[in-house]
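Written below as structure tokens is the structure these notes are about.
The values are calculated or read from the model by the stated rules, or taken from the named source; none is laboratory data. Keep in mind the model is a prediction, meaning the values are calculated, not measured. Cβ: placed from backbone, ideal geometry, glycine included. Neighbour counts: every protein chain shown.
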Amino acid sequence: MATTGGFTGKTLFVDLTRRTIESRSTGNETDLRMWVGCSGLGLHMLSKMIHKGMDPLAPESPMIIMTGPLTGTQVPQSSSWAVVNLRQQAAFHPGLSFGHGYFGARLKHAGWDGIVVTGVSSTPVYLWIDDDKVELKDATPYWGQSTVNTNMKIREDLGDMQGISVACIGPGSEKLLAGGCLRSDLAYSAGTAAPGTLCGTKKLKAIAVRGTKQVPLAHPEEFRKAAEDWRTMQWNHKVTPDQHNKTGMPDPQKRNRYQNPAGRSNPIKNMSDYGGSEGGSGENWPLKPVGSYNCEMACHYETTIPSGPFAGLHVVGYSGNIMGSMHGLQDKTISMGLTAYLDDLGLHESEVPSAIAMVMEAYNNGRLTKEQCNGLDLTWGDDNYKNILELLDMTMERQGIGALIAQGIVATAHVLGLDDMAVHIKGSGFHGQYQINHPAMLFATIVASGGGPRWEVSNRLFLSEGEPDLGYEAPLDPRDPSYSEIAPKAIYDGQKKKTWEDNLGVCYFAMQGYAGIFDIETRALRAATGWDDFMPDEGMLSGERFVNLQRLVSLYLGYTPDRDYDVGKRLMEPVASGPGKGRELKPYFDQWRNQYYHLLGWSPETGAPSREALRKVGLTQYTVGK
């Protein structure tokens with residue numbers, strides 16, 4: 001069936017070197033249906049633009065932002081947009097980052113499916129998209145500014161504080177630190193694969209967008225009904241938006257009342273211990289919920305820190321453990337203040353913060369001296385928050401040990417002889433919350449992913465509800481005698497589902513763990529696009545196709561299967577404490593890896609998909625590279 005909705009059909013191509021802006025077709029009918037949207041279409045585009053040996057930060061290295069066919073529509077939480085780029089860390093994997101907020105929806109409402117940026121500007125610029133009017137504007141006044149100030153000032157200068165979304169980089173990306181984010185709508189980061197650092201090399205400070213159109217729909221009334229059924233399903237589910245407290249944050253007493261075999265404790269002190277609790281200690285205070293487009297879950301926040309050294313600081317973001325227990329901090333006012341500073345710098349938690357946590361552990365264990373840390377006392381504890389701030393500032397200026405930390409966790413570990421303490425996956429820092437308690441979840445993150453910290457398998461298979469539409473009525477339990485036999489197939493199934501759903505343009509909180517979601521999401525896709533014969537099986541096949549394209553790109557970039565074992569030593573050791581004490585991945589790894597490869601039809605010797613595997617997903621004639 002011809003595509004008559006869901007896509008605008010247009011993608012912006014911006015060459016910063018030549019200062020040119022072109023409108024091109026998003027893709028032909030076959031490409032749209034094969035890759036669906038978001039990271040699927042983005043990875044397909046990237047695979048045709050790269051060449052062997054391309055430096056991830058070279059001028060010709062593309063940054064691709066793509067929405068999905070449901071982004072900006074009536075369905076719940078239709079806010080997702082993806083960034084696809086080559087990455088510095090985990091260099092043999094294509095980089096995938098996801099953002100939320102209003103940016104993706106407004107890009108679609110402006111009439112664009114995506115943006116492809118190449119080249120390098122001679123001076124700082126930002127891209128201003130106002131429906132069909134698109135131009136590059138001078139960003140010199142914003143260069144050096146925090147992500148919050150940049151967002152506020154650009155909207156103020158454009159004269160519209162409410163109708164414009166801004167995705168921007170901070171000073172960390174301008175200075176080309178590892179792990180730079182694109183941060184949108186004040187609260188949301190797309191940073192898993194460091195697209196902000198690539199923007200820094202290109203001198204692209206921000207993208208601002210205002211859209212006044214609607215996403216075209218093939219069957220509007222059918223789509224309205226699917227969106228209504230989707231929202232009803234969410235609210236009737238056992239873990240739903242109403243099971244949040246009045247702050248908008250997940251209420252542990254409600255969301256965790258269903259047994260979670262993995263346990264919920266947080267890693268502490270560079271994952272040397274795993275007995276931390278979520279949230280930290282100290283007083284509770286009101287948080288104003290901040291949601292994304294069509295989002296009722298509102299898992300981000302806006303608040304003013306009420307006490308402590310950061311009292312009075314207004315912050316917007318996500319209350320996850322970014323700068324906190326991993327750094328030996330307990331006071332949540334201090335943790336939130338440091339996290340806000342990191343967000344202002346525009347840095348992802350997987351690189352610079354992870355390297356700092358590693359350096360702190362080495363200092364506390366006597367592996368590094370005070371002199372090696374430039375005179376800083378890095379003893380664990382809330383009293384030393386000022387020294388963590390100073391270490392961040394030294395990193396920004398590449399002074400002393402900060403010059404190492406700026407390169408990321410693996411580079412820092414190699415120079416300082418701390419490889420055994422580096423918590424990483426294939427060269428990319430890893431900020432895990434629950435995976436280390438759950439061997440199958442950790443394995444999925446290591447092998448069944450594009451490399452690095454991004455989940456590509458439904459975490460509901462491990463954490464709470466299971467995945468009923470896949471036949472898993474409850475989460476995998478590490479204590480179950482059949483656990484080791486079930487895990488590889490569950491990961492294979494969960495990966496196909498998660499990667500397919502990632503490409504729709506909807507937040508995964510609206511899709512994971514819901515019984516009947518396959519029917520509703522494909523109904524919505526059919527009504528949006530006009531693909532009237534698109535069924536759940538085709539969605540799962542598209543997920544497997546995406547996984548195979550990731551592997552083809554990785555092989556093209558020089559990936560070999562032995563890199564599956566390029567994992568921080570700590571991730572393979574038995575868990576030292578907490579609910580998962582004694583659990584470890586190492587005894588299962590080879591068995592699960594071989595079974596997982598077998599299910600995909602990949603060679604364990606070369607890592608390459610077999611011809612039959614490629615035939616199954618329609619990629620026998622597919623070529624990667626220019």
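May I ask you to verify whether LEU389 is outside any helix (DSSP H, G or I), over 17 Å from ARG570 (Cβ atoms), out of contact with any Phe, Trp or Tyr (no Cβ under 6 Å at 6 or more places or on another chain) and hydrophobic (A, V, I, L, M, F, W, C)? Criteria not met by LEU389. Selection of the range 330-367 for residues being of a type outside the set (S, T, N, Q) and more than 22 Å from ARG183 (Cβ to Cβ) yields ASP331, MET358, VAL359, MET360, GLU361, ALA362, TYR363, GLY366, ARG367.
Restricting attention to the range 391-414, the residues that are within 26 Å of the chain's Cα centre (by Cα) and crowded, with 18+ Cβ neighbours inside 10 Å total 15.
Inspect all residues belonging to the range 361-376 and state whether any of them is modelled with pLDDT under 95 and either in contact with a His (Cβ under 7 Å, 6 or more places away or on another chain) or not hydrophobic (A, V, I, L, M, F, W, C) (or both).
Restricting attention to the range 361-376, the residues satisfying the condition of being modelled with pLDDT under 95 are none.
The answer is no; no qualifying residue exists.
Can you find even one residue in the range 613-625 that is in contact (Cβ under 8 Å) with a residue 12 or more places away in the chain, under 27 Å from the mean Cα position of the chain (by Cα), over 24 Å from ARG33 (Cα atoms) and surrounded by fewer than 18 Cβ atoms within 10 Å (Cβ to Cβ)? No, the conditions are met nowhere in the range 613-625.
Looking only at residues in the range 510-534 that are within 24 Å of the chain's Cα centre (by Cα) and aromatic (Phe, Trp, Tyr), the one that is modelled with the highest pLDDT is PHE518.
Return the residue satisfying two criteria in turn: it lies in the range 251-266 and is part of a loop (DSSP other than H, G, I, E, B) and surrounded by 17 or more Cβ atoms within 10 Å (Cβ to Cβ), and of such residues it is modelled with the highest pLDDT. Talk me through it step by step, then tell me what you get.
Our first condition is that a residue be part of a loop (DSSP other than H, G, I, E, B); within the range 251-266, this holds for 251, 256-265.
Of the ones still in play, those that are also surrounded by 17 or more Cβ atoms within 10 Å (Cβ to Cβ) are 260-265.
Numbers: ASN260: 47, PRO261: 52, ALA262: 53, GLY263: 54, ARG264: 54, SER265: 62.
Among those that are part of a loop (DSSP other than H, G, I, E, B) and surrounded by 17 or more Cβ atoms within 10 Å (Cβ to Cβ), it is SER265.
For ALA340, state whether it is crowded, with 23+ Cβ neighbours inside 10 Å, modelled with pLDDT under 95 and in a helix (DSSP H, G or I). So ALA340 fails the test. Of all the criteria given as (1) surrounded by 16 or more Cβ atoms within 10 Å (Cβ to Cβ); (2) at pLDDT below 65; (3) assigned to a helix (DSSP H, G or I), the one not satisfied by GLY248 is (3).
Report yes if some residue within the range 349-368 is more than 21 Å from GLY429 (Cβ to Cβ) and either in the same structural domain as LEU177 (by TED's automatic domain parsing) or not basic (Lys, Arg) (or both); otherwise report no. Spell out the reasoning first.
Initially, the range 349-368 is screened for residues more than 21 Å from GLY429 (Cβ to Cβ), giving 366.
Add one more test, that the residue is either in the same structural domain as LEU177 (by TED's automatic domain parsing) or not basic (Lys, Arg) (or both), and what stays is 366.
Within the range 349-368, one or more residues are more than 21 Å from GLY429 (Cβ to Cβ) and either in the same structural domain as LEU177 (by TED's automatic domain parsing) or not basic (Lys, Arg) (or both).
When THR620 is tested against (1) in a loop (DSSP other than H, G, I, E, B); (2) touching a His at 6+ places or on another chain (Cβ under 8 Å), exactly one condition is not met: (2). Tell me yes or no: at least one residue of the range 561-571 is without any contact (Cβ under 8 Å) to a residue 40 or more places away in the chain and not β-branched (Val, Ile, Thr). Yes, the conditions are met somewhere in the range 561-571.
Checked against the criteria, ALA490 does not count as under 30 Å from ALA91 (Cβ atoms) and assigned to a loop (DSSP other than H, G, I, E, B).
For the structure I just gave you, tell me whether ILE388 is surrounded by fewer than 24 Cβ atoms within 10 Å (Cβ to Cβ), over 17 Å from LEU176 (Cα atoms), modelled with pLDDT of 90 or more and of a type outside the set (Lys, Arg). Yes: the conditions hold for ILE388.
Only one entry of ASP566, ASP590 meets the criterion of being more than 30 Å from ASN236 (Cα to Cα), under 25 Å from the mean Cα position of the chain (by Cα) and acidic (Asp, Glu), and that entry is ASP566. Checking the structure you have, find out if any residue of the range 555-566 is more than 25 Å from GLY42 (Cα to Cα), crowded, with 17+ Cβ neighbours inside 10 Å and of a type in the set (Ser, Thr, Tyr). The answer is no; no qualifying residue exists. Listed by first and then second residue, the pairs with beta-carbon distance under 9 Å, at least 6 apart or on different chains, first residue in the range 586-602 and without any contact (Cβ under 8 Å) to a residue 40 or more places away in the chain, second exposed (fewer than 13 other Cβ atoms within 10 Å of the Cβ) and among the acidic types (Asp, Glu), are GLY601/GLU612. Determine if the range 217-233 includes at least one residue that is out of contact with any Gly (no Cβ under 6 Å at 6 or more places or on another chain) and over 27 Å from PHE7 (Cα atoms). Taking every residue of the range 217-233 in turn, none turns out to be out of contact with any Gly (no Cβ under 6 Å at 6 or more places or on another chain) and over 27 Å from PHE7 (Cα atoms). Here the range 452-472 is the region considered, the condition is being part of a helix (DSSP H, G or I) and crowded, with 22+ Cβ neighbours inside 10 Å, and the residue that is modelled with the highest pLDDT is LEU461.
For the range 499-543, a residue qualifies if it is surrounded by fewer than 21 Cβ atoms within 10 Å (Cβ to Cβ) and among the acidic types (Asp, Glu), and the qualifying residues are ASP519, ASP532, ASP533, ASP537, GLU538. Scan the range 357-373 for residues that are free of Cβ contacts under 8 Å to residues at least 60 places away in the same chain and crowded, with 24+ Cβ neighbours inside 10 Å and the total you get is 1.
With the requirement that a residue be out of contact with any helix residue (DSSP H, G or I) (no Cβ under 8 Å at 6 or more places or on another chain) and closer than 25 Å to HIS598 by Cα, what does the range 480-523 give you?
Within the range 480-523, the subset out of contact with any helix residue (DSSP H, G or I) (no Cβ under 8 Å at 6 or more places or on another chain) is 481-482, 485-486, 507, 509.
If the condition is that a residue be out of contact with any helix residue (DSSP H, G or I) (no Cβ under 8 Å at 6 or more places or on another chain) and closer than 25 Å to HIS598 by Cα, then PRO481, SER482, GLU485, ILE486 are the ones that fit.
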